[in-house]
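Here's the structure we're looking at; comments come further down.
The values are calculated or read from the model by the stated rules, or taken from the named source; none is laboratory data. Since the structure is predicted, the reported quantities are computational estimates derived from the model, not experimental observations. Using ideal geometry, Cβ is built from the backbone for each residue, glycine included, and neighbour counts are taken over all protein chains shown. These accessible areas exclude ligands, DNA and RNA; they are computed on the full protein's heavy atoms, side chains included. Shrake-Rupley method; radii C 1.70, N 1.55, O 1.52, S 1.80 Å.
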Amino acid sequence: MKRILAILVEDRAGVLTRVSGLFSRRGYNIQNIAVGRTMEPGISRMTVTVDADPLTVEQVVKQLNKLVNVIKVSDLTDELSVGRELILVKVKAEPGRRSEIQQMAATFRAKIIDISPDSMIIEVTGEEQKLQAFLLMMQEFGIKEIASTGKICLLRGSKVTRELRS
Amino acid sequence: MKLSGAQMVLACLEAENVEVVFGFPGGAVLTLYDELFKKGVKHILTRHEQGAIHAADGYARATGKPGVVIATSGPGATNLVTGLATAYMDSIPLVAITGQVATPFIGTDAFQEADITGITLPITKHNYLVKDIHEFPRILKEAFHLAGTGRKGPVLLDLPKDLQVEEGEFDYPQEVDISSYKPTYEGHSGQIMRAAAAIKKAYQPVLYAGGGVISSGAHAELLALSQKGAIPVTTTLTGLGGVPTEYALFLGMLGMHGTYAANNAVHHADLLIAVGARFDDRVTGKIDTFAPGARVIHIDIDPAEIGKNVLADIPIVGDVKLVLQEILKRLRPGDTREWCDRVLHWKKDYPLSYQQKDDHCLKPQFVIEELYRLTGGEAIVTTDVGQHQMWAAHYYRAREPRTFISSGGLGTMGFGFPAAIGAQVAFPAKTVFCIAGDGSFQMNSQELATAVHYNLPVKVMIINNHYLGMVRQWQEFFYESRYSQTSLEGSPDFIRLAEAYGARGLRATSVEEVAPAIKTALQIPGPVVIDFHVDPAENVLPMVVPNTSLVEMIGGWEK
């Protein structure tokens, strides 16, 4: 079962290695990882999607909490949260098919951010199902390459995983 | 106060009351060793970095204080790896300081460069590569704090050569503030009440105590709980010494080479109270058949241990000493009379046994029993890993905590002798014996030079069966006696080896030579190696068949 963990870490050299190394050496499989800064200087947020049963996830969380640079681990899976992933898709686009692609992109609220004589780059944001559907449609035109950010997540409403230190 | 990085290390050692460091110099720690020289810090020069870190580990296990080890960059640092892993597995507090190539050279494959923080990531509690001299005082303080608090463990500091010279303001912090590191010491009061209630209701309870009891100094509380609750108690290898051996309800060690009484008690228990133990596979056997009818109370300072291998009905995170004290306050004993009778019958009817038939084929167990008899169990004993280690666990019945020192989790051959050196440095007046195998001893026998150099009167007792005995035993049982690469032909004459270093060497090959050899060794004021030639065919029994339940044992008592 897929679980989504939000991990707040100290922004120091080697922290990503410590976290990802822990997953691999304890045999947990990371499906997805996204890292970025937070509002607090010196603190980064990792969003990790891991496929494991609840007991294994409990163990993952405990082991993560033992890492000295890990400040907080929250399991967002059962919480009300919103998650998004951004994908850049480079798709084949002969002049005759451009408008078709543009229409499709509009349906998915995707943006065309680069056009060349025979290809386009499209930026699309959303949840996994929408992105899958979009990629399926783009395959008809021929996908040359994609890059994705990995999923990021926030709790709904005013709840936060950690209050800002004033 | 302005200090150089090297001076900061020395100032920190002073502030942390470190009385001795173990180490081996080299290019990337020259400045540090120069400060050491100027300050006159007590330093034990081993002959291999692995010897240094095992010695620091032995010192830590014997005293409870963090052991400190220094090594140079590259190969010096990588030679610490086995020692770090050993300490990590058994939760032993160590601070390892390694030199690193100068900051501008990091990442260039410079001479004697190795990414030691990368290499030791999975085998240290935490590690640091120091990049800014201004952070160094905080890092030093944190290193000692992390090593010696919570679930203890090794911490490594990698200090580049240029930072040993560079100066910075040194104001050693009194307090540590790591927002993400706050170990829980007090147990949850509700859980403690539930535990006390479960003990009251239990008819067949067993205490299963591990190294955490030694680490937190909870031996008195453990004994009190066993006595007041009338609860039989068994320990793991690393828990040995945590219960007085003559205590009636002490069942000995459990697990793969556990006693009949201990394994049966755990198997038939209705309540298992795990105290500072981690349900290691050498303890549980096949996990789904371990203590099948028992509710489990699991007390441990590390929340990640709880539920890792065995689900706990009543988990209690906290320092085992404090938790046991709270349980004791609320303890009302259950009715365990019938159970204790049954367990004591097992203990009486199925003791550990061997037969010393004639005096020409010396049994290893007899040698260790004689050591126990002649030292009154008052020596500090370290072991290597293998058959002799299990016989030591069975027959050297350590009476006091921190007097039985053995590599449990990692099972590191070559650990015992340097660890004995560390223990002897900690307690110069105590009798320290290393019970070694002929295979294990040869993994760090170069430390004879260290023992001679500092005139450390460590006695090494080689249980010499001319084989890598434990592997040979498994080959006999499970590989149809195909003894692949386990015969140790070409081993040295251990007497002459000892003498070459300037130590004394003795030998015993028959029953009547054993006691005189041990007595002679005890009278010699310096290091001694005693070579006991024992029956090569002897096996460690009882033994739980791998991947079965604890009660499916190959015997030994029925002979």
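Some values worked out for this structure:
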quantity: The one condition in (1) in a strand (DSSP E or B); (2) within 14 Å of chain B (Cβ to nearest Cβ) that A:Val82 fails to fulfil; calculated: (2)
quantity: Within the stretch B:412-442, tally of residues that are of a type in the set (A, V, I, L, M, F, W, C) and surrounded by fewer than 24 Cβ atoms within 10 Å (Cβ to Cβ); calculated: 4
quantity: Scan of the stretch A:138-153 for residues that are surrounded by 17 or more Cβ atoms within 10 Å (Cβ to Cβ) and either out of contact with any strand residue (DSSP E or B) (no Cβ under 9 Å at 6 or more places or on another chain) or of a type in the set (A, V, I, L, M) (or both), ordered by number; calculated: A:Met138, A:Ile152
quantity: Flag if B:Thr98 is surrounded by 24 or more Cβ atoms within 10 Å (Cβ to Cβ) and either under 26 Å from the mean Cα position of the chain (by Cα) or assigned to a helix (DSSP H, G or I) (or both); calculated: yes
quantity: Where B:Glu447 falls short, out of the listed (1) in a helix (DSSP H, G or I); (2) open to solvent by 60 Å² or more (accessible area, probe 1.4 Å); calculated: (2)
quantity: Hey, B:Gln365 polar (S, T, N, Q), in contact with a helix residue (DSSP H, G or I) (Cβ under 7 Å, 6 or more places away or on another chain) and in contact (Cβ under 8 Å) with a residue 12 or more places away in the chain or not; calculated: yes
quantity: One residue from B:Glu175, B:Glu166 being without any contact (Cβ under 8 Å) to a residue 60 or more places away in the chain and away from chain A (no Cβ under 14 Å); calculated: B:Glu175
quantity: Hits in the stretch A:1-21 (condition: open to solvent by 20 Å² or more (accessible area, probe 1.4 Å), of a type in the set (A, V, I, L, M, F, W, C) and part of a helix (DSSP H, G or I)); calculated: A:Leu16
quantity: Single residue of B:Thr520, B:Thr509 found to be over 18 Å from B:Ala392 (Cβ atoms), in contact (Cβ under 8 Å) with a residue 60 or more places away in the chain, in contact with a strand residue (DSSP E or B) (Cβ under 9 Å, 6 or more places away or on another chain) and open to solvent by 10 Å² or more (accessible area, probe 1.4 Å); calculated: B:Thr509
quantity: Any hit, the stretch A:122-135, residues being among the aliphatic types (A, V, I, L, M) and surrounded by fewer than 15 Cβ atoms within 10 Å (Cβ to Cβ); calculated: yes
quantity: Which numbered condition A:Ser158 misses (of (1) assigned by TED's automatic domain parsing to the domain that holds A:Ile101; (2) under 24 Å from A:Ile7 (Cβ atoms); (3) modelled with pLDDT under 95); calculated: (1)
quantity: Given (1) over 27 Å from B:Lys131 (Cβ atoms); (2) in a helix (DSSP H, G or I), index of the condition B:Ile92 fails; calculated: (2)
quantity: Count of the stretch A:1-20 residues which are facing chain B (nearest Cβ under 9 Å) and closer than 23 Å to A:Ala147 by Cα; calculated: 1
quantity: For B:Asp280: the one exception among (1) under 21 Å from the mean Cα position of the chain (by Cα); (2) more than 24 Å from B:Val545 (Cβ to Cβ); calculated: (2)
quantity: Strands (runs of 3 or more DSSP E) wholly inside the stretch A:22-79 containing at least 2 residues that are touching a Ser or Thr at 6+ places or on another chain (Cβ under 7 Å) and more than 11 Å from chain B (Cβ to nearest Cβ); calculated: A:30-37, A:43-51
quantity: Residues (closer than 16 Å to B:Glu167 by Cβ and open to solvent by less than 20 Å² (accessible area, probe 1.4 Å)) located in the stretch B:119-138; calculated: B:Val130, B:Ile133, B:Phe136, B:Pro137
quantity: Unique residue being over 30 Å from B:Gly334 (Cβ atoms), among the acidic types (Asp, Glu) and touching a Gly at 6+ places or on another chain (Cβ under 6 Å) when the list is B:Asp109, B:Asp115, B:Asp90, B:Asp171; calculated: B:Asp90
quantity: Residue in the stretch B:354-370 that is of a type in the set (S, T, N, Q) and assigned to a loop (DSSP other than H, G, I, E, B) present; calculated: yes
quantity: Checking A:Asn65 against (1) at pLDDT below 95; (2) closer than 30 Å to B:Pro183 by Cβ; (3) surrounded by fewer than 18 Cβ atoms within 10 Å (Cβ to Cβ); (4) more than 17 Å from the chain's Cα centre (by Cα), the condition it does not meet; calculated: (1)
quantity: The stretch B:226-240, subset buried (at least 24 other Cβ atoms within 10 Å of the Cβ) and among the aliphatic types (A, V, I, L, M), residue nearest to B:Leu331 (Cα to Cα); calculated: B:Ile231
quantity: Whichever residue in the stretch B:107-118 is assigned to a loop (DSSP other than H, G, I, E, B) and either in contact (Cβ under 8 Å) with a residue 24 or more places away in the chain or within 19 Å of B:Ile92 (Cβ to Cβ) (or both) and, among such residues, is least open to solvent (accessible area, probe 1.4 Å); calculated: B:Ala114
quantity: Only listed residue being among the polar types (S, T, N, Q), without any contact (Cβ under 8 Å) to a residue 60 or more places away in the chain and out of contact with any Phe, Trp or Tyr (no Cβ under 7 Å at 6 or more places or on another chain), chosen from B:Ser189, B:Ser226; calculated: B:Ser226
quantity: Test: residue in the stretch B:380-387 that is open to solvent by less than 10 Å² (accessible area, probe 1.4 Å), of a type in the set (Ser, Thr, Tyr) and under 12 Å from the mean Cα position of the chain (by Cα); calculated: yes
quantity: Subset of the stretch B:178-233 [more than 14 Å from every other protein chain (Cβ to nearest Cβ) and of a type in the set (Phe, Trp, Tyr)]; calculated: B:Tyr185, B:Tyr203, B:Tyr208
quantity: Candidate set from the stretch B:290-349 (those that are closer than 14 Å to B:Ala195 by Cβ and without any contact (Cβ under 8 Å) to a residue 12 or more places away in the chain); member that is farthest from the other protein chains (Cβ to nearest Cβ); calculated: B:Lys329
quantity: Odd one out for B:Met1 among (1) of a type in the set (A, V, I, L, M); (2) modelled with pLDDT of 95 or more; (3) farther than 17 Å from B:Ile92 by Cβ; calculated: (2)
quantity: Subset of the stretch B:469-485 [at positive phi and open to solvent by less than 80 Å² (accessible area, probe 1.4 Å)]; calculated: B:Ser481
quantity: Subset tally (residues that are crowded, with 16+ Cβ neighbours inside 10 Å and over 15 Å from A:Ala147 (Cα atoms)) for the stretch A:103-121; calculated: 4
quantity: Residue in the stretch B:497-504 that is open to solvent by 10 Å² or more (accessible area, probe 1.4 Å) and within 19 Å of B:Phe366 (Cβ to Cβ) present; calculated: no
